[in-house]
Amino acid sequence: MAITARGLLLMSGAQLDDIYRKSTAGPLPKGDSKGTALIWTATFAARPMAWIVNRLFWQGKIFSRTDDTLVNKLSPIGIHAVKAVVYKGSSWMDGEESINPRLFADLFRCLVRS
């Protein structure tokens, strides 16, 4: 069964964590990606919140095809901002290999698995 953004919005936090733990890190992504904010998943508010965030604040990421960096697409017009270096390293969640963007000198970390 394919995992979709809409399907993720219907899942509980525990279900999302389970999917993450069962996944492996793939190759570093390349190209434009559409983002979906997973806020208040498994509630009636998840889809409206994802829509609001996507339209007003964050549309996704663009992964460089030439180096290991990404840039976020922010605002209603998709301004390219918040550049990060992308690398494979340990996940803070389970210690397994993960794709990690290094943002703001590691003040915080987002984790991605494909």
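No value in this document is a laboratory result; all are computed from the given coordinates. As the structure is a prediction and not an experimental result, all values here were calculated from the model. As a convention, Cβ positions derive from the backbone with ideal geometry for all residues, glycine included, and neighbour counts pool all protein chains shown.
Structural remarks
- Distance-filtered residues of region 71-94 - backbone nitrogen under 11 Å, label point 7 angstrom along S64 Cα→Cβ: 71, 83-86
- The ranking of T66, T41 from fewest to most other beta carbons within 10 Å of each one's beta carbon is T66, T41.
- Of every Cα-Cα pair in the chain, the percent that sits beyond 24 Å: 28
- Global geometry of region 25-66, whether rounded, prolate or oblate, following the gyration tensor of its Cα atoms and the 1.5 cut on a/c: oblate
- Going from the residue with the fewest nearby Cβ atoms within 10 Å to the one with the most, W58, W92 rank W92, W58.
- Cα lying deepest toward the dipole's positive end in region 67-106, options I77, M93, L103, charges on Cβ: I77
- Reach of K30 by Cα under 15 Å, taken over aspartates and glutamates that are not fewer than 8 positions away in the same chain: D67, D68
- With K and R counted +1 and D and E -1, the other residues having a Cβ less than 15 Å from that of W51 yield a net charge of +4.
- Efficiency of FRET from Cβ geometry, K22 and F57, R₀ 35 Å, rounded to 0.05: 0.75
- Simple Cβ-charge dipole of the chain, Lys/Arg +1 and Asp/Glu -1, about Cα centre, in debye nearest 20: 380
- When only Cα pairs below 8 angstrom with a gap of at least 6 residues are kept, the chain shows a relative contact order of 21 percent.
- Cβ crowding within 10 Å, taken as a proxy for footprinting-reagent exposure, orders F44, F57 from fewest neighbours to most as F44, F57.
- Qualifying aspartates and glutamates (Cα of each under 16 Å from Cα of K73; at least 8 residues distant if same chain): D32
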